[in-house]
1. Could you tell me which numbered condition residue 483 fails, if it satisfies all but one of (1) over 19 Å from residue 541 (Cβ atoms); (2) modelled with pLDDT of 85 or more?
2. Please verify whether residue 610 is crowded, with 16+ Cβ neighbours inside 10 Å, at pLDDT 70 or above and either out of contact with any strand residue (DSSP E or B) (no Cβ under 6 Å at 6 or more places or on another chain) or assigned to a helix (DSSP H, G or I) (or both), treating the condition exactly as stated.
3. If residue 485 satisfies all but one of (1) assigned to a helix (DSSP H, G or I); (2) exposed (fewer than 10 other Cβ atoms within 10 Å of the Cβ), what's the number of the condition it fails?
4. State whether one or more residues within segment 370-393 are outside any strand (DSSP E or B), at pLDDT 70 or above, farther than 15 Å from residue 321 by Cβ and in contact with a strand residue (DSSP E or B) (Cβ under 6 Å, 6 or more places away or on another chain).
5. Give the residues of segment 35-57 that are outside any loop (DSSP other than H, G, I, E, B) and without any contact (Cβ under 8 Å) to a residue 60 or more places away in the chain, sorted by residue number.
6. Here are the criteria: (1) surrounded by fewer than 16 Cβ atoms within 10 Å (Cβ to Cβ); (2) modelled with pLDDT of 65 or more; (3) in contact with a strand residue (DSSP E or B) (Cβ under 9 Å, 6 or more places away or on another chain); (4) farther than 30 Å from residue 193 by Cβ. Tell me which single one residue 272 does not satisfy.
7. Select from segment 449-468 the residues that are touching a residue at least 24 places away in the same chain (Cβ under 8 Å) and either not assigned by TED's automatic domain parsing to the domain that holds residue 528 or not in a loop (DSSP other than H, G, I, E, B) (or both) and list them in ascending order.
8. If you check residue 12 against the conditions, is it buried (at least 16 other Cβ atoms within 10 Å of the Cβ), at pLDDT below 90 and in contact with a helix residue (DSSP H, G or I) (Cβ under 9 Å, 6 or more places away or on another chain)?
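The values are calculated or read from the model by the stated rules, or taken from the named source; none is laboratory data. The shown structure was predicted, so the numbers you read here are calculated from the model rather than taken from an experiment. We place every Cβ from the backbone using ideal geometry, glycine too, and count neighbours over all the protein chains shown.
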């Protein structure tokens, strides 16, 4: 199926470019997803606008073609090497094939041989990065073509599909819900306090409790007699303890420090010291785990702040007064101001004027209900308006309320939405130009919705009427109304498609013709839920059809009248010639009159066949020749045992301009051969052969008789019959060749005329 390069492209496994295209396709996460109405609507519109039965949105995967939306042809997946769309994505924009049977690359495909798919037109779906990832295609089981307007409409719809793909991807890339990082605080479990009695002057340890040995790892007799500063070797501790003692030691002295345990391990303790009678009573609570937890918490806090600052979206924190406490890097990027430069500023200073009321309302809602969602316009340092989609959450800490805000910059989404709206407007304009409106009927609710174009077609004011099925029925004549009622009843059972032309009488009394097409949507139980479709004003088309019908009727009447007059006139002439034959005894004159009769019969015969066929451009010459031979045999007297007639003619269809000259030539040459080639009862054969080869007609009349005596100049013969043959040959733009060996062999060659329409009637017009 083509070159190795084509096979590799079809299999999707060769070039780096194809691999990049596949990665781009997979980035959209569109494959094997459920049906989506917004895509199905586009395929329906594509089929309607292009006047075909089927449309699909296809994506070309590694080894398969997968359809996101199928309209009219419910084949969702086929091998990629059987896909026409594979070749469409290799084009810049689109691919149109009028008849797949005539395309060598596709004519052997099963669906082409089965004539399920003959016409194809596909427009590329190009990703935002410039890769052709799929197609919007329309196709039919009949050969066809698209007008420039249809092709442009198909490209507009493809752009709409691209926009919907981009919006779909944006939705999937919304910020994942950020969970609060849980602050862990590890407290000391089952920790025991150590107790020491220390001399206030020397700081010598005089007594310890049993917990000292358990916690620090020293026996009591190893610790008693040593100095407290042997274990707490901090100048700051000694200085603060001295200051506390100097100030009277009235309050408890609290100090956090490390304590050296056995094995040179440092443990954190919260030291509590009281003084009584020259003694320090020291209590130590092991806070090593707490200190470690605080360090971890600090690290975690730094990590959390780093995460917040680098979140893909927007993050900020404000207090009840509306002052900014924190914001992340994305807000810095939007506002062009560092966090430290905006702390404690009022948040509304950064809101565009027209959005401040909405922002104040949203802030009040957060404090009242705990949550709010709104869209505001943020103002950057350089005065640019930046649309933000924000969600606010109330956060309470130490009896004080804060608002945590997260959101995204929706500038690109706004642009995409604007582009989508513009494309939808173009689609509406395309429908307006085509006098095409769309409608949807919810059967269960009996709710009918029309597009603006439907109101225009029906001549109704959208603000004044509420569309209903009954209202539409009231605008229709009785016959059409009954037919629509029957269609509606069929929708409730097994009817799937509406295809209905009917009349409508507008409010101003004007009658128009419309063509309605619709598709039934059913629920899981098979019940009719709604019908979606289109309505098109076809009044002008109907008028044109009526004009054509009238013209055809006039042509039929004229043809019948012409045929009647020609037939009668030829019959009158033939009868007059017959009377002359009866009234003369001159044999030469009788022969002349008989030959004239045969010529008239030949012309009458072709006129009879012309009238019977009704087609001036396609007259079966084989049938005509057969009847001509019968007429010749009935007219000329000869012994069939002596003279054998042989006719060999292909199935040839000639125009009337060629049929009549050919018939007269055959009449002259065959009659002449029968009369003159076999004198005195001599036996022989007369052969007539007529064939076509490469657009050229070969007419041969040959006999094996005595041949033509003497020299005859066929370019200027002296007999009426040969003069007539020569004139008719020129009328056919032909050439005449004569061979006199073994009888007479006359060969006339002329080009076949394939004229259609009025050109096929030239002969009749001239003759008439």
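1. So residue 483 meets the others, but not (2).
2. Working: crowded, with 16+ Cβ neighbours inside 10 Å: yes; at pLDDT 70 or above: no; either out of contact with any strand residue (DSSP E or B) (no Cβ under 6 Å at 6 or more places or on another chain) or assigned to a helix (DSSP H, G or I) (or both): yes.
Taking the combined requirement at face value, the residue does not satisfy it.
3. Condition (2) is where residue 485 drops out.
4. Of the residues in segment 370-393, the ones outside any strand (DSSP E or B) are 370, 380-384.
Next, from what is left, pick out any that are at pLDDT 70 or above: 370, 384.
If we keep only those that are farther than 15 Å from residue 321 by Cβ as well, we get 370, 384.
Okay, now just the ones that are also in contact with a strand residue (DSSP E or B) (Cβ under 6 Å, 6 or more places away or on another chain), so 370.
There is at least one residue in segment 370-393 that is outside any strand (DSSP E or B), at pLDDT 70 or above, farther than 15 Å from residue 321 by Cβ and in contact with a strand residue (DSSP E or B) (Cβ under 6 Å, 6 or more places away or on another chain).
5. Our first condition is that a residue be outside any loop (DSSP other than H, G, I, E, B); within segment 35-57, this holds for 37-50, 54-57.
Matches in segment 35-57: 37, 40.
6. Exception for residue 272: condition (4).
7. 452, 453, 454, 456, 457, 458
8. Values: buried (at least 16 other Cβ atoms within 10 Å of the Cβ): yes; at pLDDT below 90: yes; in contact with a helix residue (DSSP H, G or I) (Cβ under 9 Å, 6 or more places away or on another chain): yes.
Taking the combined requirement at face value, the residue satisfies it.
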